[in-house]
Structure formats: C-alpha cells, structure tokens
1. Take MET55 and tell me if it is assigned to a loop (DSSP other than H, G, I, E, B), modelled with pLDDT of 60 or more, within 25 Å of the chain's Cα centre (by Cα) and not β-branched (Val, Ile, Thr).
2. Given the conditions (1) over 16 Å from GLY53 (Cα atoms); (2) among the hydrophobic types (A, V, I, L, M, F, W, C); (3) modelled with pLDDT of 95 or more, report the number of the one that PHE233 does not fulfil.
3. Does the range 150-176 hold any residues that are without any contact (Cβ under 8 Å) to a residue 24 or more places away in the chain and either among the basic types (Lys, Arg) or in contact with a Ser or Thr (Cβ under 6 Å, 6 or more places away or on another chain) (or both), and which are they?
4. Between residues in the range 88-101 that are closer than 23 Å to PRO166 by Cα and aliphatic (A, V, I, L, M) and residues that are modelled with pLDDT of 95 or more and assigned to a loop (DSSP other than H, G, I, E, B), which pairs lie under 6 Å by C-beta distance while being six or more apart or on different chains?
5. Does the range 214-233 contain any residue that is touching a residue at least 24 places away in the same chain (Cβ under 8 Å), outside any strand (DSSP E or B) and surrounded by fewer than 15 Cβ atoms within 10 Å (Cβ to Cβ)?
6. Exactly one of (1) under 21 Å from GLY216 (Cβ atoms); (2) modelled with pLDDT under 95; (3) of a type outside the set (Ser, Thr, Tyr); (4) out of contact with any strand residue (DSSP E or B) (no Cβ under 9 Å at 6 or more places or on another chain) is unmet by ASP175. Its number?
7. Kindly indicate whether GLN126 is closer than 27 Å to LEU176 by Cα, polar (S, T, N, Q) and surrounded by 12 or more Cβ atoms within 10 Å (Cβ to Cβ).
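The values are calculated or read from the model by the stated rules, or taken from the named source; none is laboratory data. Quick caveat: nothing in here was measured; it's all calculated off a predicted structure. Cβ atoms come from the backbone with ideal geometry, glycine included; neighbour counts cover every protein chain shown.
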Amino acid sequence: MLMVGRLQRFGFWFTVFYSALAWLSVWLALGLLIVLPPIGRTFLFQPFNIPSGAMKPTLLVGDYMFVSKFRYGYSNYSLPFSPPLLSGRIFASEPQRGDVIVFRLPRDPSIDYVKRLVGLPGDTVQMINGLLHINGQAAKRERIEDFVETEGTRTTRIKQWRETLPNGASYAVLDLVDNGFYDNTPVYQVPAGHYFMLGDNRDNSTDSRVSAERGGVGYVPFQNLVGRAEVIFLSIDRDRSGNLRSERLGMIVR
C-alpha cells in the first residue's frame, strides 16, 4: 500500500481507505452473487468447486468459483437438469483463446469439466516436446519460479512456465515430468463448431489430447459450454486440515 500511495501521490491513510473500500466492494459483489435468487443463479452465475489438480496452478483442489453463464449465451446445459428446450445457443458469443471454461463432457454430459481453451474451430494443435503449437507456431513459453506444494511435512517443487497464446492471453502451466506421455502428440485439427481444451497441469490432465472414444475429452462442441470461470469466492486447503486459503479469496481467474 505504501508503494501504491507513493506512485499515486496519495497519503498513507488515504491509500488505506481506498484499499479497504476496494476489498469491501469485492466482498459485497460476492455476497450479492451468493444470495441471488435461484433464477439469477440459473441465468447469470453459478458456483462450482474444483475436485482435482488438473488446472493447477490456476485452480487448486478446494477452490470454489463463480462461472458467468451469460458469457457465451445459453444452451440446454445452461438450464437446471439440462432439458432439451433449446436448439444450439441463444445470445451466443464466441469464447476466446485462454478462457478458463466449465463445459459438459461430450461423452457424458452429466459431468462438468473445467479446462483452458487453446484451440478454436479450424485451428491445428500439437504438443512437441511439451511445448504447445497452434497453427504450426510454438506458443511463447518462459520458465518462472517453481510451484511449491506442501503436504504435511513434505515439500515438492514443480517446474513452472508462463505460456502466452497468439492473442496475448498469458498464464502459468506446470511440467511434472520431462517427456510425459502427452508431451508429444499428433496434429489435431479442430472441427467447425468445436474447441480444443487443455489443463494447465499438463502431465496430470485428461483433456482434448485424448479422444472421447478413448475415455478422454476430445473436441468440445460449442453447445456443451456452460460458462467462463470468473472469480474464486472460497478456497479450502483439503490437504491441510481444511485451512482457509485467505489469500485466494476474491482472486480473478485468468
């Protein structure tokens, strides 16, 4: 806060006041989302929790987040119990590369998955030596500080990279092992009306690199998108006696 105050030429207490006001605004917004009537949660936002580590480091096991359902328009999967009332999507808006998206699993639409969109309709996608290639071009990748994970008294350091997509979307990904099973893949051609999804935890994610016929995700139809992950409103560290991760509260998902 002192640094912000100096940069903005604010006094210390003025900076404290506006920082507190900003946090209060975040919590008021989250409170409004939580108490929205059912119709609001149905058509605007929906809470989801993260049960696996496939999206580490962006999303951790025990994170609870709100997903904006209006972001891409509405399909049958936007409605409770998914009744077959809609044909395609209404008020449709195209997702962007880098969006973190909740979608219904194509081979079993009763299951929700969350992954990052990297391939648009018509794109080619391939992994070469662990490096993502889109339309024949390698995504920019730079090594950053290790991701540190603690379980009890055991601490594990995992290689972490910052990956940047052609549209400028940038995020961290994990590399658990060298020459992982899906570090080298064939070229995937994304069909019209479908998307290619990857988990940020590249060596521990079932995603579009595995076809639906082989028990994976495969290409995800536009119809199956539920919404975009927006903000974490609660985070419980299930590996450490249910401690609250207060530093993640209000974190924007990107």
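1. For MET55, the condition - assigned to a loop (DSSP other than H, G, I, E, B), modelled with pLDDT of 60 or more, within 25 Å of the chain's Cα centre (by Cα) and not β-branched (Val, Ile, Thr) - is met.
2. (3)
3. Passing the criteria: ARG154, ARG157, LYS159, ARG162.
4. VAL100/VAL253
5. yes
6. Of (1) under 21 Å from GLY216 (Cβ atoms); (2) modelled with pLDDT under 95; (3) of a type outside the set (Ser, Thr, Tyr); (4) out of contact with any strand residue (DSSP E or B) (no Cβ under 9 Å at 6 or more places or on another chain), only one is false for ASP175: (4).
7. yes
Conditions (1) assigned to a loop (DSSP other than H, G, I, E, B); (2) in contact with a Leu (Cβ under 9 Å, 6 or more places away or on another chain), marked per residue:
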{"site": "LEU59", "(1), (2)": "yes, no"}
{"site": "PHE66", "(1), (2)": "no, yes"}
{"site": "ARG71", "(1), (2)": "yes, yes"}
{"site": "PRO84", "(1), (2)": "yes, no"}
{"site": "PRO95", "(1), (2)": "yes, yes"}
{"site": "LYS115", "(1), (2)": "no, yes"}
{"site": "ARG143", "(1), (2)": "no, no"}
